[in-house]
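The values are calculated or read from the model by the stated rules, or taken from the named source; none is laboratory data. In this text, all values refer to a predicted model and were calculated from it rather than measured experimentally. Here the Cβ positions follow ideal geometry from the backbone for every residue, glycine too, while neighbour counts run over all protein chains shown. Note: accessible area is taken over every heavy atom of the protein model, side chains too, but ligands, DNA and RNA are not part of it. Shrake-Rupley method; radii C 1.70, N 1.55, O 1.52, S 1.80 Å.
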Amino acid sequence: AIRLMLDWMHCGEFLPIADEEISVELAIDVLALGSAVLCPRLCGYIANAALIPAVTQGNVFILYGLSKQYGLDRLEDKCVDAIAQNIDIFGESDDLVNLLAMEVSETTQKG
């Protein structure tokens with residue numbers, strides 16, 4: 001994660017890692033590191049370059065939570081679209097119920 005952060009700081013992009021794509025786990029590590037060093041542009045870049053293209057039915061709720069935690073609007077939009085497109089699959093899943101409860105709670109707290 002540190003190497004990717006340094007690549008981005010020096011080159012403005014991530015240099016290839018042995019012709020492999022950046023895994024979601026590594027992207028999340030870079031996201032946390034970018035947040036820790038107060039670099040929101042790095043957070044946005046890793047979200048756009050690696051997390052948004054990696055949204056799947058299996059990780060959509062985790063990535064949605066990260067989008068809210070780090071204020072990544074484009075990632076949040078992608079996750080909401082993925083949930084909406086698969087609403088019949090998620091139906092009354094615990095993840096969807098928890099997400100909706102969290103959203104209602106945030107809305108009522110804002111007044």
Selection within the range 61-111 - among the aliphatic types (A, V, I, L, M) and over 23 Å from Pro40 (Cβ atoms) = Ala82, Ile83, Ala84, Ile87, Ile89, Leu96, Val97, Leu99, Leu100, Ala101, Val104
Answer with yes or no whether Asn48 is under 11 Å from the mean Cα position of the chain (by Cα), open to solvent by less than 70 Å² (accessible area, probe 1.4 Å) and polar (S, T, N, Q).
-> yes
For residues that are farther than 17 Å from Gly65 by Cβ and surrounded by fewer than 10 Cβ atoms within 10 Å (Cβ to Cβ), tally how many sit in the range 88-108.
-> 4
Under the condition of being open to solvent by 80 Å² or more (accessible area, probe 1.4 Å) and over 13 Å from the mean Cα position of the chain (by Cα), which residue from the range 20-35 is nearest to Glu76 (Cα to Cα)?
-> Glu21
Counting just the residues of the range 55-87 that are in contact with a helix residue (DSSP H, G or I) (Cβ under 9 Å, 6 or more places away or on another chain) and more than 27 Å from Ala36 (Cβ to Cβ), which one comes out surrounded by the fewest Cβ atoms within 10 Å (Cβ to Cβ)?
-> Ile87
